[in-house]
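The values are calculated or read from the model by the stated rules, or taken from the named source; none is laboratory data. No experiment lies behind these values; they were computed from the predicted model shown. Every residue, glycine as well, gets a Cβ built from its backbone with ideal geometry; the counts of neighbours run over all protein chains shown. Ligands, DNA and RNA are excluded from the accessible area calculation, which covers all protein heavy atoms including side chains. Shrake-Rupley method; radii C 1.70, N 1.55, O 1.52, S 1.80 Å.
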Amino acid sequence: MKKLRITEQARKKLARGVQLLVEKDFVSTPSGQGLAELYDANHRRQGLAYLAPQNKGVGWFLSPNDLNLDQAYFEGLFRTAKRKRQAYEGSQLTTAYRLFNQDGDAFGGLTIDRYGDYALFSWYNEFVYDLRSLIVAAFKVVFPDIRGGYEKIRFCGLAYESAHLYGQEAPETFSILENGVRYQVFLNDGLMTGIFLDQHEVRASLVDGLATGKSLLNMFSYTAAFSVAAAMGGASRTVSVDLAKRSRDLSQAHFLANGLTLNHHQFLVMDVFEYFRYAIRKGLRFDLIVLDPPSFARNKKQTFSVAKDYHKLVSAALPLLNPAGILITSTNASNLSVEQFKQEVEKGMGGLAHTYLETRQLPDDFTVNLADPTSNYLKVFTIQVN
């Protein structure tokens, strides 16, 4: 097993409870992957970690004590995670939610989501992927009611992104429930599933009255899950805009799954900034506008980064907002703090009077590591423009 020295700053970070390891935590840049013992500058052992490059860092701290990464270890993690989510277990209105969430459940590099009778495992690095047989065996003991499992490969190196993992195979598309609303999902088609589960509280607010009698514009709509929630909550009309050609059919599937007619719901395949210009020319206005872009996007004409460009979205949306209209501003960029995101939003407001009605981050099933703000990556502001 490797023995690696960490910096004093890293020692303090680990002592606070942060588990994610990055290159600058080490005296010398680590290489390869596998278990490693960490020592401080005074050669005092700090604990056990594993190394494996992934998008967020180079590895994860596991424990100040020795441990065995065997089936019993993962069974213990899953039992604890299951207890945290008891409120979801018996729900008749929600059948899709997160079962295990990386360092929020004490093991970084792995997430597991429930989609009805099926589990979806996401492997974020090769080290965790190599443990998948142990992990799946432990999961089946703790969650015997799950009929089958699928996997998503969220690191570079393998020739596939998605596959059936064990048990019963799911239909190509099927319905799950969230807040009493049906959504059509798919588990074995690339990295997406048809819905982002971390936004279920925001969608609940639309179902539960925020959208009643209002018109809604949903930008970067993907499969228009916000629009469906708004429609089920009594929205008068919705417009969903996304550049991906596939988005229209996937969006309509959600509406049809809930028995909604499409008469007052429009789905446009176009660049969002082009739509802003089009809507201004046509004099279109909305009571509610949702701005939930990817952290980074590129098309033929431009690139978009939440950290640098989100204010442009806000300023472009404001002319389309009816008096006393509401903006829902959202990002999943973990490199932005709540305050930094708020600064971007404020820059876009340009001094216009407004009121923050609600601030949301990840819901309870997306358990976070309270010691690490980047673990709580989602930031959503519901803002009324006065």
Residue in the stretch 186-202 that is among the hydrophobic types (A, V, I, L, M, F, W, C), in contact (Cβ under 8 Å) with a residue 12 or more places away in the chain and at positive phi present: no
Residue that is nearest to Gln361 (Cα to Cα) [pool: residues in the stretch 163-220 that are open to solvent by 50 Å² or more (accessible area, probe 1.4 Å) and of a type in the set (Asp, Glu)]: Glu201
Single residue of Val338, Val290, Val272 found to be modelled with pLDDT of 95 or more, of a type outside the set (S, T, N, Q) and under 21 Å from Ala230 (Cβ atoms): Val290
Matching entry among Arg360, Arg298, Arg285 (being touching a residue at least 60 places away in the same chain (Cβ under 8 Å), touching a Phe, Trp or Tyr at 6+ places or on another chain (Cβ under 9 Å), of a type outside the set (Phe, Trp, Tyr) and open to solvent by 10 Å² or more (accessible area, probe 1.4 Å)): Arg360
Among residues of the stretch 182-197, those that are among the small types (Gly, Ala, Ser) and touching a helix residue (DSSP H, G or I) at 6+ places or on another chain (Cβ under 9 Å), counted: 1
Close pairs from the stretch 247-262: first over 15 Å from Gly180 (Cβ atoms) and open to solvent by less than 50 Å² (accessible area, probe 1.4 Å), partner modelled with pLDDT under 95 and of a type in the set (A, V, I, L, M, F, W, C), Cβ under 8 Å, at least 6 apart: none
Any hit, the stretch 194-217, residues being of a type in the set (Ser, Thr, Tyr) and farther than 19 Å from Gly325 by Cβ: no
Subset of the stretch 221-235 that is over 17 Å from Ile326 (Cα atoms) and surrounded by fewer than 24 Cβ atoms within 10 Å (Cβ to Cβ) - its residue that is modelled with the highest pLDDT: Met232
Identity of the residue in the stretch 324-357, farther than 19 Å from Ala297 by Cβ and part of a strand (DSSP E or B), that ends up most open to solvent (accessible area, probe 1.4 Å): Leu357
Which listed residue, of Phe74, Phe61, is of a type outside the set (Asp, Glu), touching a Gly at 6+ places or on another chain (Cβ under 9 Å) and surrounded by 20 or more Cβ atoms within 10 Å (Cβ to Cβ): Phe61
Single condition Leu62 does not satisfy, out of (1) aliphatic (A, V, I, L, M); (2) in a helix (DSSP H, G or I); (3) touching a strand residue (DSSP E or B) at 6+ places or on another chain (Cβ under 7 Å): (2)
Selected residue (criterion: surrounded by the most Cβ atoms within 10 Å (Cβ to Cβ)) from residues of the stretch 1-41 that are assigned to a helix (DSSP H, G or I) and of a type in the set (D, E, K, R): Asp25
